[in-house]
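For reference, the structure discussed in these notes is given below.
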Amino acid sequence: MPKAMKIAIVDDEKDMRQSISQWLALSGYDTETFASAEEALKKLGPDYPGIVVSDIKMPGMDGMQFLKKLMGADSTLPVILITGHGDVPMAVEAMRVGAFDFLEKPFNPDRMNELAKKAANARRMTLDARALRRELSDGGQIMKKLIGSSPAMERLKEDILDLGQADGHVLIDGETGTGKTLVAHALHAVGARAGKKFVLLSCAAHEESALMRRLFGPMQPDDTRLPAVEEARGGTLVLEDIEALSDTAQARLLTFMNEEGTPPETRIVAISNLQDEGKTSEDVLRSDLFYRLASLRITVPPLRQRGEDILTLFTRFAEEFADDYGCDAPQVSAQEAAQLLQAPWPGNVRQLFNVAERAVLQSRRGSGTIVSLLMSDHQEMQPVMTTEGKPLKEYVEAFERMLIDNTMRRHKGSIASVMEELCLPRRTLNEKMAKYGLQRSDYL
């Protein structure tokens, strides 16, 4: 479950800060109290994982001075100020400086709780956005999101690292749900433009005139953003559904790319979803634009070609959902593992993600099986036939690897606990872990 939001309570009156702390703690917040602004400032940094509730009238540094210090360090930190009856004009000025809101004494505790909830939600969104930006600019972190060790995924990772270092434009294609946008983020994160702008635009989300204006300008009086080609200047511009561009837009894009020169100041990464329709980008893009984009090309593999990655991904998704819903992840039987491996997965990773969530929800209710979920997704799906696709030995090994991986994860790398649960001698466990590339250090 999500961690409780912190609330820093700053008031020189002990009874007041303890009273506020007790009330907010009963509402599920993680409170901490400070007798002065000076004391609080030692703890409250730019990424403080919470909000601040502070009195205005305090000896030494008062609430207004305190607010200005906090806003200077982190202008998005929500600060709720508590005012006396005559301090309302000061509180209004505090709102102008950057306070989230204020409460006038004597205040209703329910009103305090309502404001704290709004401020906490705002803070959570800010911190999540910051974490995402950091993650998407960290090549090492984003490459970890490309889960799997199948030959297809290893080739994909190598392609990303190679093409990430190149300067040219890139075409990414593959079926829906394979993670093409994540690959575009990874290309940006591992290359020289990692610290520059990353702008994502869906060409299919706008009608033509709006798309042309969003992509190339000119700006209108009510526009709040620069045209995408200007916004991304020096960085990476990702165009999803590149096939949705009209002939006019394609010609304009090609002109922009020609004007950029070599190497281009702004890198274009085009994403195509045409494989679902049995077509190719070459079929619908003008040839000069296609060859400019496809000189560097990545095709993201479908899930059905990724072998035991399917079990790894399912396990990871199920554990995350189980954590969110506060229950245990479902145990996968050998039959279910084989069924997961042989499912056609037309929706690819996105579909597997949804199946994992539904598996956790039905497991929490104590009903249903993973096989029933797969059958509902694929009405014509037959029972597992190990005589086609892969040899039985490969299914057994994939299941064995998943079982050891799950057990190691659950016991946080405790070899003794894993040996006891799986009834394996240490030497056998060590040999199997070496065979499947599992390392104890990854679970600690």
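The values are calculated or read from the model by the stated rules, or taken from the named source; none is laboratory data. Predicted, not measured: the structure shown is a model, and the values here were computed from it. With ideal geometry, Cβ positions are generated from the backbone for all residues, glycine too; neighbour counts draw on all protein chains shown. Areas reflect the complete protein model, heavy atoms only, side chains present, ligands, DNA and RNA absent. Shrake-Rupley method; radii C 1.70, N 1.55, O 1.52, S 1.80 Å.
Quick notes on this one:
- Of the criteria (1) surrounded by fewer than 22 Cβ atoms within 10 Å (Cβ to Cβ); (2) modelled with pLDDT of 90 or more; (3) within 22 Å of Arg124 (Cα to Cα), which one Gly28 fails: (2)
- Helices (runs of 4 or more DSSP H) (entirely within the range 380-444) containing at least 1 residues that are modelled with pLDDT under 85 and among the aromatic types (Phe, Trp, Tyr): 392-410
- Index of the failed condition, Pro59 passing every other in (1) over 19 Å from Ser21 (Cα atoms); (2) at pLDDT 85 or above; (3) open to solvent by less than 70 Å² (accessible area, probe 1.4 Å): (3)
- Restricting the range 122-166 to residues that are more than 28 Å from Thr312 (Cβ to Cβ) and exposed (fewer than 13 other Cβ atoms within 10 Å of the Cβ), the residue that is modelled with the highest pLDDT: Met125
- In the condition set (1) at pLDDT 85 or above; (2) over 22 Å from Glu308 (Cβ atoms), Val360 is compliant with all but (2).
- Sole residue being closer than 20 Å to Ala184 by Cα, open to solvent by less than 10 Å² (accessible area, probe 1.4 Å) and more than 22 Å from the chain's Cα centre (by Cα), chosen from Ser281, Ser272, Ser295: Ser281
- Conditions (1) open to solvent by 10 Å² or more (accessible area, probe 1.4 Å); (2) assigned to a strand (DSSP E or B): number failed by Ile51: (1)
- Residues of the range 331-350 include at least one that is surrounded by fewer than 19 Cβ atoms within 10 Å (Cβ to Cβ), part of a helix (DSSP H, G or I) and modelled with pLDDT of 90 or more.
- Inside the range 303-312, residues that are surrounded by 20 or more Cβ atoms within 10 Å (Cβ to Cβ) and touching a residue at least 60 places away in the same chain (Cβ under 8 Å) make up a count of 6.
- Among the candidates Arg233, Arg252, residue that is surrounded by 15 or more Cβ atoms within 10 Å (Cβ to Cβ), more than 20 Å from Lys279 (Cα to Cα) and more than 25 Å from the chain's Cα centre (by Cα): Arg252
- The criterion of being open to solvent by 60 Å² or more (accessible area, probe 1.4 Å), free of Cβ contacts under 8 Å to residues at least 12 places away in the same chain, within 21 Å of Lys6 (Cβ to Cβ) and of a type outside the set (S, T, N, Q) holds for Arg111.
- Of the helices (runs of 4 or more DSSP H) that lie entirely inside the range 146-218, those containing 1 or more residues that are more than 14 Å from Leu237 (Cα to Cα) and touching an Asp or Glu at 6+ places or on another chain (Cβ under 7 Å) span 151-164.
Table: residues versus (1) in contact with a Pro (Cβ under 6 Å, 6 or more places away or on another chain); (2) within 30 Å of Asp328 (Cβ to Cβ); (3) touching a residue at least 40 places away in the same chain (Cβ under 8 Å).
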position: Ile9; (1), (2), (3): no, no, yes
position: Asp15; (1), (2), (3): no, no, no
position: Gln18; (1), (2), (3): no, no, no
position: Trp23; (1), (2), (3): yes, no, yes
position: Tyr29; (1), (2), (3): no, yes, yes
position: Lys42; (1), (2), (3): no, no, no
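- Enumeration of residues in the range 69-103 that are of a type in the set (Val, Ile, Thr), open to solvent by 40 Å² or more (accessible area, probe 1.4 Å) and touching a residue at least 40 places away in the same chain (Cβ under 8 Å): Thr76
- Residue ranges of helices (runs of 4 or more DSSP H) in the range 224-325 with at least 2 members more than 30 Å from Ala338 (Cα to Cα): 228-231, 247-260, 281-284, 287-293
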